[in-house]
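Novice: Would you mind keeping the following structure in view while I ask a few things?
The values are calculated or read from the model by the stated rules, or taken from the named source; none is laboratory data. What you see is a predicted model, and the numbers here were worked out from it, not measured in a lab. Backbone-built Cβ (ideal geometry, glycine too); neighbour counts: all protein chains shown. Calculation scope for accessible area: heavy atoms of the full protein, side chains included, ligands and nucleic acids excluded. Shrake-Rupley method; radii C 1.70, N 1.55, O 1.52, S 1.80 Å.
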Amino acid sequence: MSDPYCNETNIKGVLNHLENPLDGVLQVIHSRQLILASVGLILSIAVFNWSGVSVTSYLNATTRMIIDSLRTILVWGFGLCVGWENTNPRRIGYELAGFVLLLMEHSSTKTSSSLPRY
């Protein structure tokens, strides 16, 4: 059996690559679910960037970092609730401890440091 990631052609004459942009575009064009997922992803990234710029203009970059960290824990908590994450109590404890350390580090940074001048 040949390696599916090599540059050989399959039965249909399509090159077997790990990444095949033409095949990806064709899958998106022919799948309503992929189109909706792609549009949703684009919109969520646009809203995320817009809200980040808005927070930074009204408050400061440290507040934006803390809000980004809180968004991370909300996504993680949602994953736990719907069963997408490992529910091993030891692992959850480690992840929570790391997250608390991350928030403490972000909170301790009061101002952004300037670049040194040479």
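Novice: Within the range 30-57, work out how many residues are in contact (Cβ under 8 Å) with a residue 12 or more places away in the chain and among the aliphatic types (A, V, I, L, M).
Specialist: Final tally of qualifying residues: 1.
Every residue, every condition in (1) in contact with a helix residue (DSSP H, G or I) (Cβ under 8 Å, 6 or more places away or on another chain); (2) in contact (Cβ under 8 Å) with a residue 12 or more places away in the chain; (3) open to solvent by 80 Å² or more (accessible area, probe 1.4 Å), yes or no:
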position: 59; (1), (2), (3): no, no, yes
position: 64; (1), (2), (3): yes, yes, no
position: 71; (1), (2), (3): no, no, yes
position: 74; (1), (2), (3): no, no, yes
position: 88; (1), (2), (3): no, no, no
position: 92; (1), (2), (3): yes, yes, no
position: 98; (1), (2), (3): no, no, no
position: 105; (1), (2), (3): no, no, yes
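Novice: I'm told residue 41 meets every condition in (1) under 28 Å from residue 97 (Cα atoms); (2) open to solvent by 80 Å² or more (accessible area, probe 1.4 Å) except one. Can you identify the failing condition by its number?
Specialist: Of everything listed in (1) under 28 Å from residue 97 (Cα atoms); (2) open to solvent by 80 Å² or more (accessible area, probe 1.4 Å), residue 41 misses just condition (1).
Novice: Take residue 51 and decide whether it is loosely packed, with under 11 Cβ neighbours inside 10 Å, closer than 30 Å to residue 105 by Cβ and either modelled with pLDDT under 80 or out of contact with any Ser or Thr (no Cβ under 8 Å at 6 or more places or on another chain) (or both). First the steps, then the outcome.
Specialist: Working: loosely packed, with under 11 Cβ neighbours inside 10 Å: no; closer than 30 Å to residue 105 by Cβ: yes; either modelled with pLDDT under 80 or out of contact with any Ser or Thr (no Cβ under 8 Å at 6 or more places or on another chain) (or both): yes.
Considered against the rule, which asks whether it is loosely packed, with under 11 Cβ neighbours inside 10 Å, closer than 30 Å to residue 105 by Cβ and either modelled with pLDDT under 80 or out of contact with any Ser or Thr (no Cβ under 8 Å at 6 or more places or on another chain) (or both), residue 51 comes out as no.
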